[in-house]
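Here the structure is laid out as structure tokens; the discussion comes afterwards.
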Amino acid sequence: MRVIYLSVPVHPEYDSEGMRWSPHLAVYYLGTIMRQQGIEVTIVDPDYIRKSNFFEGSLQEREVIKILIEGKGYDAVIFSATTLTWGIAKRFINTVKEMFPSINVIVGGVHARYLSDYIIQSTMVDIVIPGEGEKTLIKVIQNLHDKNLLKTIQGIKFKLDGEIIDTGDAEKLTIEEMKEFPLPDYDFLPKAVYNTFGVETSRGCKFSCIFCSVCHRHSWRGFDADTATKRVLEHYDNVKNLSLSGEPNIYFVDDCFTADVNRAVNILNQIHQANPYIKVTFEARVTDIIKPGVVEQIPIDMVNMIQIGVECGYNEGLKKIRKGITVEQLEECVEKLSDYDLQYTVSLSFIIGFPWETVEDIKKTVQTMSYLCGTYGVMANLNWLWLMPSDLWWIRKDYGIEVNEDVFDDPAWYADKDVFFKTHPLISVDDVNEITELVMKQQANGARFAYSAPVLR
């Protein structure tokens, strides 16, 4: 069997370094697993599509697809899509099926996880894999040409004689099963493009924040510290010569790296002892950092960045989004990190514009952020909410939000003025301008935070 696996980029007109700073781990990971099972795989990195003339018009678009697929004898084209890249993926999918109707098109990824029904009903996609793909994708490829056998594969949706077949939810992988899978093979990775490389040591999250698109909440699974360390060290050696600088930064893509905080600290120390030159970035929770003895055990000189999701800067908002922290705990966390000279590695993430928020609520978050940055020297990122598939998405109409799944078909939906104000019902143009002016004033006074003002067309 021969397949081509495409990871599509964010539309380049609205792209940023933050959206493309690391290769898509899942694509290379699944590609490696398929290869291990005897499937011939070609991986197309988003960097290739971004630099092609795909975005320059329909004729160029078809030419790019022709170059990629024609005469190669592929049995399937696989797409991995997030909500930010779905619009491009859908455009790509429909053009592929128009040009090569006999090729099976398979879609997975976060967006497929949440909106699989819409995808299978509204596109020319043949098969959707909403859950974890390591085992399911292999079975699909191996049985691609026998629809009756596809019916026996748990965890897929596919079209058969005009009917949509739903085989139910796939079973979640156990940590023992995950241990059996190899590290990603980067044979197809463009050299000297990326300098940060993701590595996974756990999957899922123990929490259920209302706005979050993490697929596996309340189902956290993590490698033991020894296994995780071994995989990180091997991964670092594999990507060192491919990186932009020759000294790649390792980014833990874990949905919640510190979910088992003792495990996380052990991993960091074992890596540091084995290779003191490795720099890492990881996400942490406020309530994990403030636990006694945690910060004291973190090897300071190996930390490139500690990312801490805060979101709201006031307790009522934190309660509404089910964050499980308070503003008081947040300051305790920042103060503790500062006491151990880690403040310059800390990046706090705040979100403004939740559907219930007024401009006065948003000002509370800005004030909290400004205070922490000014007092402790930490960095922060302030972003307006992009309403994406999540628990909040399913209750959006409770807040008077009238947008549906087709909104994401626009490759630049997140820059659409009408979409923005439909998903921020209590916010006006004047409110956005007021917040932007307030933030810029704080920045001018020396506050270390980045702000993504809405780019609305």
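The values are calculated or read from the model by the stated rules, or taken from the named source; none is laboratory data. Because the structure is a prediction, the values reported are computed rather than measured. With ideal geometry, Cβ positions are generated from the backbone for all residues, glycine too; neighbour counts draw on all protein chains shown.
Summary table below
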| quantity | calculated |
| --- | --- |
| Check on I250, among the aliphatic types (A, V, I, L, M) and assigned to a strand (DSSP E or B) | yes |
| Residue in segment 136-143 that is touching a helix residue (DSSP H, G or I) at 6+ places or on another chain (Cβ under 8 Å), more than 24 Å from V8 (Cβ to Cβ) and either of a type outside the set (D, E) or surrounded by fewer than 20 Cβ atoms within 10 Å (Cβ to Cβ) (or both) present | yes |
| V334 vs. criteria at pLDDT 95 or above, buried (at least 18 other Cβ atoms within 10 Å of the Cβ), over 27 Å from L387 (Cα atoms) and among the β-branched types (V, I, T) | yes |
| Failed criterion for I401 (all others in (1) under 30 Å from I120 (Cβ atoms); (2) assigned to a helix (DSSP H, G or I) hold) | (2) |
| Meets criteria (outside any loop (DSSP other than H, G, I, E, B) and farther than 19 Å from E134 by Cα) for I43 | no |
| Residue check for F188: among the aromatic types (F, W, Y), more than 22 Å from A284 (Cβ to Cβ) and in a strand (DSSP E or B) | no |
| Positions within segment 79-89 being out of contact with any Gly (no Cβ under 7 Å at 6 or more places or on another chain) and in a strand (DSSP E or B), in sequence order | F79 |
| Which listed residue, of D187, D117, D146, D169, is closer than 27 Å to K240 by Cβ and surrounded by fewer than 17 Cβ atoms within 10 Å (Cβ to Cβ) | D187 |
| Checklist (1) modelled with pLDDT under 95; (2) crowded, with 16+ Cβ neighbours inside 10 Å; (3) in contact with a strand residue (DSSP E or B) (Cβ under 9 Å, 6 or more places away or on another chain) applied to A415, failing item | (3) |
| Any hit, segment 378-390, residues being assigned to a helix (DSSP H, G or I) and either in contact (Cβ under 8 Å) with a residue 12 or more places away in the chain or touching a helix residue (DSSP H, G or I) at 6+ places or on another chain (Cβ under 8 Å) (or both) | no |
| Conditions (1) touching a residue at least 40 places away in the same chain (Cβ under 8 Å); (2) touching a strand residue (DSSP E or B) at 6+ places or on another chain (Cβ under 9 Å); (3) of a type in the set (K, R); number of the one not met by K135 | (2) |
| Lone unmet requirement of (1) among the hydroxyl-bearing types (S, T, Y); (2) more than 24 Å from G204 (Cβ to Cβ); (3) out of contact with any helix residue (DSSP H, G or I) (no Cβ under 7 Å at 6 or more places or on another chain) for T95 | (3) |
| Cβ pairs under 6 Å, 6+ apart, first in segment 410-424 and under 10 Å from G87 (Cβ atoms), second in a helix (DSSP H, G or I) | D410/G87; P411/G87; P411/I88; A412/Y14; W413/V407; W413/V419 |
| Qualifying residue in segment 209-220 (condition: outside the structural domain of Y28 (by TED's automatic domain parsing), in a strand (DSSP E or B) and in contact with a Leu (Cβ under 9 Å, 6 or more places away or on another chain)) | no |
| Residues of segment 269-287 that turn out to be assigned to a helix (DSSP H, G or I) and surrounded by fewer than 20 Cβ atoms within 10 Å (Cβ to Cβ), as a count | 6 |
| Breaking point among (1) part of a loop (DSSP other than H, G, I, E, B); (2) more than 25 Å from the chain's Cα centre (by Cα), for E316 | (1) |
| Near pairs, Cβ below 9 angstrom, 6+ apart or cross-chain, from segment 429-457 (modelled with pLDDT of 90 or more and surrounded by fewer than 14 Cβ atoms within 10 Å (Cβ to Cβ)) to any residue that is in a helix (DSSP H, G or I) and of a type in the set (K, R) | V429/K417 |
| Among the residues listed as F282, F350, the single one being within 19 Å of T375 (Cβ to Cβ) and either among the aromatic types (F, W, Y) or touching a residue at least 60 places away in the same chain (Cβ under 8 Å) (or both) | F350 |
| Test set (1) surrounded by fewer than 18 Cβ atoms within 10 Å (Cβ to Cβ); (2) touching a Cys at 6+ places or on another chain (Cβ under 8 Å); (3) not hydrophobic (A, V, I, L, M, F, W, C) - K319 fails condition number | (2) |
